[in-house]
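One structure below.
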Amino acid sequence: PLELCLSPVNYSTDSTGPDVVGKLHVSQSVDQSNASDDLAQTIQKASAAGKNDAMSPLHPFNSLRVGGELQCHIQQVRKEKVEGSKAKDLVTVQLSITHKSSTNSPDSKPHYPFTKMVQAQSKDSISSSSVYVVVVTKIEDGVFIVAFNPYLSAQMGFMDISSDIELVKSFKASCFVGLKLLVLVTDVQRDASDNHKIKHIAVTRLPVERLDISKLDLSKDRNLEKSSFSSELAPPQEGEVVHGMLNLRAAKTAKPPAVSVLLRNGYVGRVCVTELWDSKQWQDLSDTLAKKTDVLPNGWKHGDVVSCVVLKLNEGYADLSLRPTRLSSTDKSKMLKADGIPVEGAVLRGFVANVSSKGCFVRLSKDVTGHVLMKDLADDFVENPAAAYPVGTLVHARVLTTNQSDGYVKLT
């Protein structure tokens, strides 16, 4: 449930007056002025409570009952003209639940701070470099949706939750609709041709957990200096060890066969099949790639969080490696060292990358693909090469010729 309908308790009008309906969106049911989300503690409680398809026990609406009374702030009033001879005008009131200020002293009158609902346009419009309270409204495969209010939402990746990988894993396992998060808006894209309507909102939680913003009063000030969080927004660097989430269900990857990895801040990584393991541990991947299964031969599953070495930055993606020897190396030059072009006469292994009328192409390393002519596929005639050598098949081959200038490698 994302929204409740509320009726004003002390509201009365004559038969000609407007109908009044109160709306309480889940994003306005949490304390919007408190610059803390206590995420680790909340996730621990959610894990202990277990999953519930209907509603998490920690959902803000879970303790509410039909007929119960709530004290609310009025956030927005909209009046609609309803057509018809006997129709009455409709007034829709967007509400937010009041929360006592944490600064109240025991003997003072309770104070309920009012935090204005963020807007798409106006002086209270959403802006970059600002901290906001959001609520999870939808959990999808690899990403989830958070709402600022009933009208504004953004998509987040699980790797944008925390630099603590154990917390990321726990969050992925126990995240629930209605969970409060404190996030930083890093970018707001608007369409100048369409009245500057918002097209995209980019958010992350990474700087929030590191910076001491617990004393920030979000009802008055929510801006942060860009210099205080620029490191978390930087793209991954060559030689850097980063964490990512395996996306074995990706519709397509750059330069297949490869595995997609979701990184922080919306960056996407590509792991060539030759970089999944060290060459001695290579395993046949034909069944995995053909059936698009959620498990790799070594037991890694779709959605698992893994450590990766950034090998190269490309336009739109980063080349990554999961090889243990690269991950354990302290020498950056060795960590990034390319496999190179094999020598003539060498017998080696590789993965079938593609089969066409021109022959069979075998991925020998991230940067080198060998070519097998149809006549060199086998001693005997191969009637259906694509069926005999499906993509991902681990094959043995001998190097016939190489060309160092263009990297061409002819195999049999």
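The values are calculated or read from the model by the stated rules, or taken from the named source; none is laboratory data. All figures in this text were calculated on a predicted structure; none of them were measured in a lab. Virtual Cβ from ideal backbone geometry, glycine too; neighbours counted across all protein chains shown. Remember, those area values only see protein heavy atoms, side chains included, never the ligands or the DNA or RNA. Shrake-Rupley method; radii C 1.70, N 1.55, O 1.52, S 1.80 Å.
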remark   = Cβ pairs under 6 Å, 6+ apart or interchain, first in region 196-208 and farther than 14 Å from LYS180 by Cα, second acidic (Asp, Glu) and surrounded by fewer than 19 Cβ atoms within 10 Å (Cβ to Cβ), ordered by first then second residue, are LYS197/ASP191; LYS199/ASP191; ALA202/ASP187
inquiry  = Need pairs with beta-carbon distance below 9 Å; first residue under 16 Å from VAL273 (Cα atoms) and of a type outside the set (Lys, Arg) and within region 326-354, second open to solvent by 80 Å² or more (accessible area, probe 1.4 Å) and outside any loop (DSSP other than H, G, I, E, B); sequence gap 6+ or separate chains.
reply    = LEU348/HIS396; LEU348/ARG398; GLY350/HIS396
ask   = Under the condition of being charged (D, E, K, R) and within 20 Å of the chain's Cα centre (by Cα), which residue from region 311-342 is least open to solvent (accessible area, probe 1.4 Å)?
value = ASP319
inquiry  = Could you tell me how many of the residues in region 1-50 are part of a strand (DSSP E or B) and at pLDDT 90 or above?
reply    = 6
request  = Read through the list (1) open to solvent by 20 Å² or more (accessible area, probe 1.4 Å); (2) modelled with pLDDT of 95 or more, then give the number of the only condition that CYS308 fails.
outcome  = (1)
Extreme residue, least open to solvent (accessible area, probe 1.4 Å), among residues of region 377-412 that are part of a loop (DSSP other than H, G, I, E, B) and among the small types (Gly, Ala, Ser) = GLY392
inquiry  = Tell me whether region 196-206 contains one or more residues that are at pLDDT below 85, out of contact with any Pro (no Cβ under 6 Å at 6 or more places or on another chain), of a type outside the set (Phe, Trp, Tyr) and open to solvent by 20 Å² or more (accessible area, probe 1.4 Å).
reply    = yes
task = Taking the residues in region 347-359 that are surrounded by fewer than 14 Cβ atoms within 10 Å (Cβ to Cβ) and of a type outside the set (D, E, K, R) as candidates, determine which candidate is nearest to LEU311 (Cα to Cα).
result = VAL347
request  = Filter region 360-376 down to residues that are open to solvent by 40 Å² or more (accessible area, probe 1.4 Å) and under 37 Å from the mean Cα position of the chain (by Cα) and give me whichever is farthest from SER405 (Cα to Cα).
outcome  = PHE361
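Restricting to strands (runs of 3 or more DSSP E) lying wholly in region 305-376: which have 1 or more residues that are under 27 Å from ALA290 (Cα atoms) and either in contact with a His (Cβ under 9 Å, 6 or more places away or on another chain) or acidic (Asp, Glu) (or both)?
Per the criteria, 305-314, 317-321, 347-356, 359-363.
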key: Index of the failed condition, LYS375 passing every other in (1) at pLDDT 95 or above; (2) more than 17 Å from ASP278 (Cα to Cα); (3) among the basic types (Lys, Arg)   = (1)
query = If we scan region 156-164, do we find a residue that is touching a helix residue (DSSP H, G or I) at 6+ places or on another chain (Cβ under 7 Å), open to solvent by less than 10 Å² (accessible area, probe 1.4 Å), hydroxyl-bearing (Ser, Thr, Tyr) and within 16 Å of ILE43 (Cα to Cα)?
reply = yes
ask   = Residues in region 227-240: is at least one open to solvent by less than 30 Å² (accessible area, probe 1.4 Å) and among the polar types (S, T, N, Q)?
value = no
request  = Report yes if some residue within region 241-261 is in contact with a strand residue (DSSP E or B) (Cβ under 9 Å, 6 or more places away or on another chain) and over 30 Å from ARG323 (Cα atoms); otherwise report no.
outcome  = no
message = Condition first: among the acidic types (Asp, Glu) and either in a helix (DSSP H, G or I) or buried (at least 18 other Cβ atoms within 10 Å of the Cβ) (or both). Now tell me which residues in region 263-300 satisfy that.
response = GLU275, ASP287
message = Looking only at region 107-155, filter to residues that are basic (Lys, Arg) and within 17 Å of GLN75 (Cα to Cα); which one of those is surrounded by the fewest Cβ atoms within 10 Å (Cβ to Cβ)?
response = LYS123
Filter result for the condition that a residue is without any contact (Cβ under 8 Å) to a residue 12 or more places away in the chain and under 16 Å from the mean Cα position of the chain (by Cα), over ILE161, ILE145 = ILE145
